[in-house]
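Heads up: the structure comes next, in structure tokens.
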Amino acid sequence: MARSNVSNSIRELLSWNLIRRVPIMGDRRDHYEAETDIWEWRADRGRPQGREIDPAVDAFARLRGGRRRRSHHQPVASKRLKEMLAFTELVDRWYMQMLTVPRPRLIALIKLGEKIVSFLPRGNPSRA
């Protein structure tokens, strides 16, 4: 593997807080350690705001605004953009709320959700 690929990959892993530098006494090279607790990683990382949520919300809002100004916009496209924006904002609010729930309660909530789903009527899940 080329040094530049390794360097870029390490930089990306550091930016996602998936690894951290670990100093080793007497060694001047960089050493890294992976995060092993996925719950801690998600809590430390917090909201995937900068890379995932905000750009999506901004893009959907911008597209909806641009379409609204045009008199010849497609009603179907406008409706879909509105739905995508609403869904993205809903998931973001839910995610932020879940970050405040202590781990034991969050695990219990996830297990409860699993049980609740079994009581819901079956059908096309994409049409819910």
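Structure values in brief
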item	result
Whichever residue in region 28-80 is within 17 Å of TRP16 (Cα to Cα), acidic (Asp, Glu) and in a helix (DSSP H, G or I) and, among such residues, is modelled with the lowest pLDDT	ASP44
Selection count, region 1-19, where residues are surrounded by 11 or more Cβ atoms within 10 Å (Cβ to Cβ) and more than 22 Å from the chain's Cα centre (by Cα)	0
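The values are calculated or read from the model by the stated rules, or taken from the named source; none is laboratory data. Because the structure is predicted, anything quoted here is derived from the model rather than measured. Please note: Cβ atoms are built from the backbone with ideal geometry, for glycine as well, and neighbour counts cover all protein chains shown.
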